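Worksheet: the structure to be examined is printed underneath.
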Amino acid sequence: MAKQESQTKILVTGGAGYIGSHCCKQLHSRGYLPVTIDNLVYGHAKNVRWGPFYDGDIGDDLLLERVFAEHDIRAVMHFAAYAYVGESVKDPRKYYTNNLGNTIALLEKVLQHAVPSFIFSSTCATYGLPQALPIDEEHPRAPINPYGRSKHMIEQILSDYSKAYDLRFTCLRYFNAAGADPDGEIGEDHTPETHLIPLILDVARGRRKKLEVFGSDYDTDDGSCVRDYIHVTDLAAAHVIALEKLLQGAPSDVINLGTGDGYSVLQVIEQAAAITASPVPFKIVERRPGDPAVLIASNTKARKQLGWKPEHSDLKTIIQTAWNWHRRI
Ligand code: UDP
C-alpha cells in the first residue's frame, strides 16, 4: 500500500478495453498507478490488472466524485467511448450522449479537481475522406459519421477549454490499432467483432467459415482498401510519452499515431494465412459504406514531438502477436 501511495495516479477511463488496458500495463511498468473506470459494456474486468478498478460509467457523477476523493489523480487518459461506425449512423444518440455528453461531464470533474493534464483517445475518422496522403495533422477535419463527429467535437471542446482554463491536452489520432500484448496477457476481444485482423484469425481458427472482403474495385494496387495498421503496444508507448510530456508542462497538441505504411485487405489476409499456416477463405462483397480507399498516417509529428517510433508495427509482428492471443481466447 505504501508503494501505491507514492505512485503518480492516472485516471484511465475505458481501462478495461483493448487500447486502455494496454496503456494501463505500460503505465504500471513505468511506475504509475492506473486507476480504471469502465462500465464493462465493451471492456472486460479481467483486463484490469495493474491498478484499482471502478465498475461504472463516466456519466455517473457520484462515482467520479468517489474516484477523485479516493485518489490524488494527476492526469486523465480518456478512452471510454463507443467506437462502431455503422452503429453510430443507425443510433447517433448513443454516440452523442455517451462519447460527447459523458466526456463533457468528465471534463467538468477534471476542472473541478484541477487536474491539468488530459490525454484524449481520438481517431483518423476525424479527417473523413482523405484529400491528400499521407494524412498529417493539418489535413482538414471533415468526419463523415457520428462516431468521427463525436470525437472531432471533443477535440474542439478541449481546444476551447485549454484556452480558457488550466488544462492541457494531447489528442492522439489513431489509425488502425491492431495486434496484442507481446507477453500474451491482453489482446483484442470485441463483441461484436468488426475489425479485420480478429475476423481473419477467427476464419483461420475455423470459428468463421469465410471472411467477407468489402470491395475489390478501389483505386489501389489490388483493388482492396489500404489501411495503416499500428501495433497497440506502440500506441500505448506513445500515450505514456505524451503523458510524461504533459506532466512536465508541455503545451496542448494533436498528434497522429500510425506507421506511415499501408497494407491492403488482401495483403493482410495473405500474411495471416502464412503466419497461422491455415487457409483463410474469403469472398468479395459490396463496399462497406464510408470506407475510403486508402488511409495512411504521416507520423512525422509523433516522431519529432514525442521522440517516438513504432517498434512492433510491422505487419508480421502485428499478426503474430494477435494470433498468439487469439487462439487462446
Ligand atoms: N474489412 C473487410 N472485411 C471485414 C472487416 C473489414 O474487408 O470483415 C476491411 C474494411 O473495409 C477496411 C479494413 O478491412 O478497409 C479495416 O477495417 P476495420 O473494420 O478493421 O477498421 P477501420 O478501417 O474500419 O477502422
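A short reminder: the numbers here are calculations on the coordinates, not readings from a lab. Small disclaimer: the values here were computed from a predicted structure and weren't measured. Positions of Cβ are backbone-derived with ideal geometry, glycine not excepted, and every protein chain shown enters the neighbour counts.
A dipole drawn for the range 227-317 from +1 and -1 charges on Cβ atoms has a positive end, and of 277, 256, 241 the residue lying farthest that way is 256. For the pair the range 163-208 and the range 262-329, the centres of their Cα atoms are 11 angstrom apart. Specify the angular offset, from 0 to 90 degrees and rounded to the nearest 10, of the alpha carbon long axis of helix 265-276 from the longest principal axis of the alpha carbons in the chain. Its long axis makes an angle of about 90 degrees. Could you give the angle, 0 to 90 degrees to the nearest 10, between helix 18-29's Cα long axis and the longest principal axis of the Cα atoms of the chain? Orientation of helix 18-29: about 50 degrees from the principal axis.
Charge dipole of the chain (Cα centre as origin; +1 on each Lys and Arg Cβ, -1 on each Asp and Glu Cβ, all else neutral): 320 debye, rounded to the nearest 20.
Using the Cα centre of the range 133-192 as origin and beta-carbon charges of +1 (Lys, Arg) and -1 (Asp, Glu), tell me which of 150, 171, 190 is placed farthest towards the positive end of the dipole. Positive-end residue among those listed: 150. When the listed pairs 245/316; 245/309; 109/163; 9/109 are checked against a 25 Å cut-off, the alpha-carbon distance exceeds it for 245/316. Basic side chains Lys and Arg get +1 at the Cβ, acidic Asp and Glu get -1 at the Cβ, and with that the dipole of the range 117-208 about its Cα centre reaches some 360 debye.
Think of the range 29-74 as a dipole: +1 on every Lys or Arg Cβ, -1 on every Asp or Glu Cβ, centred on the Cα centre; then among 50, 37, 67, 50 lies furthest on the positive end. The residues neighbouring residue 26, those whose beta-carbon lies less than 14 Å from its own, together hold a net charge of -3 under the Lys/Arg +1, Asp/Glu -1 convention.
Annotation: extensible slack from residue 195 through residue 221 equals 7.2 nm (criterion: 0.36 nm per residue apart, minus Cα-Cα distance).
In terms of Cα to Cα distance under 19 Å, which aspartates and glutamates are near enough to residue 301, apart from those fewer than 8 places away along the same chain? By straight Cα distance, residue 301 reaches 136, 137, 138, 155, 228, 234, 244, 253, 261, 311. Only lysines eight or more places from residue 210 in sequence, or on another chain, were considered; those with a Cα closer than 20 Å are 283.
Each Lys or Arg adds one and each Asp or Glu takes one away; over the other residues whose Cβ falls under 13 Å from the Cβ of residue 309, this sums to -1. Within the same chain, lysines fewer than 8 places from residue 90 are excluded, and of the rest, those with a Cα less than 21 Å from its Cα are 151.
Taking the average, over residues, of other Cβ atoms within 10 Å as the packing measure, peptides 207-220, 74-87, 246-259 rank 74-87, 246-259, 207-220 from highest down. To the nearest ten degrees, helix 196-205 and the longest principal axis of the Cα atoms of the chain are 60 degrees apart.
In this structure, residue 212 and residue 89 have a Cβ-Cβ separation that, at R0 = 22 Å, corresponds to a calculated FRET efficiency of about 0.70.
Please report, in debye to the nearest 20, how large the charge dipole of the range 66-174 is about its Cα centre when each Lys and Arg carries +1 at its beta carbon and each Asp and Glu carries -1 there. Charge dipole of the range 66-174: 240 debye, to the nearest 20.
A helix-only calculation puts the chain at -11000 deg cm²/dmol for mean residue ellipticity at 222 nm, using -39500 (n - 2.57) for each DSSP H run of at least four residues, averaged over all residues.
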